[in-house]
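Some notes on the structure that comes next.
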Amino acid sequence: MGKTEAVVYAAGQRLRPILMTSLAMALGALPIAMSLGAAATSRIPLGIVIVGGIIFSLVLTLYVLPAIYSYMASGKEVKTFEEVLADEEKELAKTSGDEAHDKK
C-alpha cells in the first residue's frame, strides 16, 4: 500500500469517531454561544470561542494533518515490517557479538 493510499484509508477510518466527538462537543457548547439562559450575555464570547475552536480543530485533524504527513513522508523510503525486523536482528547480532568480544 502506498503512502497516499494509507493516508486516505486512515482518514476514512478516523472520520466517524472524530466527527462524532467534535460535533457532540460543539453542539454541547452551542447554548453558551447562542446566549440561552440567565446572564448569558457575558458568556457569548466564550461559547463562540469554544465552538469555533472545536470546528477549527476538526478541520485540522481531518484535512491538514494528513496532508502534512503525506508531504513530510514523501521523500522517505518505505520499508515493510519484515525488512525492519531483519535490520533490527542484524543490529542486535552485531551488538551482542561486540559485547562477547569485549568480555574476553
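Any read-out appearing in this document is the output of simple, stated calculations on the displayed coordinates, not a laboratory observation. Because the structure is predicted, anything quoted here is derived from the model rather than measured. When we count neighbours, we look across all protein chains shown, and the Cβ atoms used for this are built from the backbone with ideal geometry, even at glycine.
Please state the relative contact order of segment 3-78 as a whole percent: Cα pairs under 8 Å, 6+ residues apart?
36 percent.
Of the residues 51, 84, 59, which exhibits the maximal mean-square fluctuation in a Gaussian network model of the chain defined by a 10 Å Cα contact cut-off?
Highest fluctuation of the listed residues: 84.
Check the chain and count each lysine pair with an alpha-carbon distance under 24 angstrom, considering only pairs eight or more places apart or from different chains.
Qualifying lysine pairs in the chain: 9.
Let me have the 222 nm mean residue ellipticity of the chain computed from DSSP H runs of 4+ only, each contributing -39500 (n - 2.57), with the sum over all residues rounded to the nearest 500. Can you show the working numbers first?
Details: 4 runs with 78 residues, N = 104.
Helix-only estimate at 222 nm: -25500 deg cm²/dmol.
In vacuum, with every alpha carbon of the chain counted as one equal point scatterer, what does the Debye formula give for log10 I(q)/I(0) at q = 0.10, 0.17 Å⁻¹? Two decimals, please.
Scattering profile of the chain, log10 relative to I(0): -0.56, -0.88.
I'd like the orientation of helix 3-33 relative to the chain: the angle between its Cα long axis and the longest Cα principal axis, in ° from 0 to 90, rounded to 10.
30 degrees
What FRET efficiency comes out for residue 23 versus residue 67 if R0 is 25 angstrom and r is the Cβ-Cβ distance? Round to the nearest 0.05.
0.70
Can you list the residues, at least 5 places off or on another chain, whose amide H is less than 5 Å from the amide H of residue 43, using H built in the peptide plane?
Amide H to amide H, under 5 Å and 5 or more residues apart or across chains, residue 43 pairs with nothing.
Quote to one decimal, in nm, the extra length available between residue 46 and residue 15 on full extension: 0.36 nm per residue of separation minus the C-alpha distance between them.
That works out to 8.5 nm of additional length.
Taking θ = phi - 60°, what integer Hz values does the Karplus form 6.51 cos²θ - 1.76 cosθ + 1.60 yield along segment 49-58, in sequence order, with x for Gly and Pro?
5, 4, 5, x, x, 5, 5, 4, 5, 4
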